[in-house]
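Contents: one structure, followed by commentary.
The values are calculated or read from the model by the stated rules, or taken from the named source; none is laboratory data. Worth saying up front: this structure is predicted, and the values here are computed from it rather than measured. Note that each Cβ is placed from the backbone with ideal geometry, even for glycine, and that neighbours are counted across all protein chains shown. Ligands, DNA and RNA are excluded from the accessible area calculation, which covers all protein heavy atoms including side chains. Shrake-Rupley method; radii C 1.70, N 1.55, O 1.52, S 1.80 Å.
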Amino acid sequence: MKLLKEAARRARVSNLLLAGGSRRTVTFLKAEKRILPQYTEENQRDWNGSFEFVFITDPQLGFINQTYEGGRGLTWLEELENVRNAVKLINNMDPLPQFVCIGGDMVNAYPSRGEELRTKQADDLKRVFIQLNSDIPIVFVSGNHDLGKHPDREAMSWYHRHFGDDFYSFWHSGVLFIVLNTQFIKFPHRIPLDEVDEQQQWLENLLKKVHKYDPPPKHIVFFMHIPLFWNRADEVDHPCNMPQYIRHSLLRQFAKSNVTTVFCGHTHINFEASWICEAMNREIQLVVSAAIGCPLGPDPAGIRRVRVHESGIEHQYIKVGDKNADDYKRLNKQILDDKK
């Protein structure tokens, strides 16, 4: 563990300027060449006991202003306050989580809004994390707002500079974590980039390799931004799930590889579902978390605390905000009424 923490210290990539001119280093881990060098099979293949991590999704700075205040997404004080509250909560956890995963949509501004606004949102988000315990690394998942609906080369380059690879894998204590770019999965025929096919081939090769492991990983966990489905694996296609033909292909791959859990965001609403493959006697849990930024459902902004045991994975949603979607709607109506 000491060696791993030392590797994480050497890998810090953000040296942020604080008020008064002082600096503080934050452990943002950027994947390169489809791996995190600090969390490889070589140094994390063996099970070392139960551990925890935190899943946060959709900070999406500016979305509250755009959704509930009639603005253009140019202010994001409430999202930042939610993240500050989350950082305080995480720092007080016992035991400390081994890492924090941000599950996509770090920014709200699409690539069409220009790099200046997007970079300001990304930098402001990172700056809030300066108060996170420096022994807790942060890893990233790409979202549709980070890349655009149909990412082009310029959008991909911006993402890689700020957050690292958009798909990759890493190990921790005998558990294999796999991060996917769901824009490539949802719109494979609309994105003229070689990386679309590269991700598919990379995933197939990785899962084939997993089949040969003896012993196998204790768990295989996926991080994806857009969920595979909401309620049922055979539900109709809609903007917040994967197309059926892709969905079923992925589920079969996951079942064959004994994937246990898939963590997602995108919907800004909490829900859980599962899919059972009777032929293989396998069950895959789908866990979709509400946003740390703008809530669109009954739960306020929050984070998900995840405990990984040898026998299974358990998780708990913990709120850090004080308003849900209905609260924001009522507040906005009151503001508009007061202006009449």
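Before moving on, here are some points about what is shown:
- With both residues required to sit in the stretch 142-270, DSSP beta bridges show an antiparallel share near 40%.
- Using the average count of surrounding beta-carbon atoms within 10 Å as a protection proxy, the listed peptides 257-265, 51-59, 95-103 rank, highest first, as 51-59, 257-265, 95-103.
- Fraction of antiparallel bridges per DSSP, the chain only, in percent to nearest 5: 60
- Those residues of the stretch 152-169 whose amide nitrogen sits under 17 Å from the label point placed on GLN201, 7 Å along Cα→Cβ: 167-168
- Think of a 1.4 Å ball rolled over the protein heavy atoms: the chain then has 45 Å² of accessible area per residue.
- Cα centroid separation - the stretch 182-225 against the stretch 263-328, whole Å: 22
- Just the protein heavy atoms count here, and of the accessible area of the chain at 1.4 Å, carbon and sulfur take up 48 percent.
- Across the stretch 82-90, coupling constants 3J(HN,Hα) worked out from phi with the 6.51/-1.76/1.60 Karplus curve, θ = phi - 60°, read 4, 5, 4, 4, 5, 4, 4, 5, 5 Hz, and Gly and Pro carry x.
- Spin-label model, SER249/GLN131: points 7 Å from Cα along the beta carbon direction are separated by 4.6 nm.
- Per DSSP, loop trypsin sites (Lys or Arg not before Pro) in the stretch 219-312 with at most 11 further Cβ within 10 Å: ARG232
- Net length gained if the chain between HIS150 and TRP230 were fully extended (0.36 nm per residue, minus Cα distance): 26.6 nm
- In the chain, helices alone account for a calculated mean residue ellipticity at 222 nm of -10000 deg cm²/dmol, with every DSSP H run of four or more residues adding -39,500 (n - 2.57).
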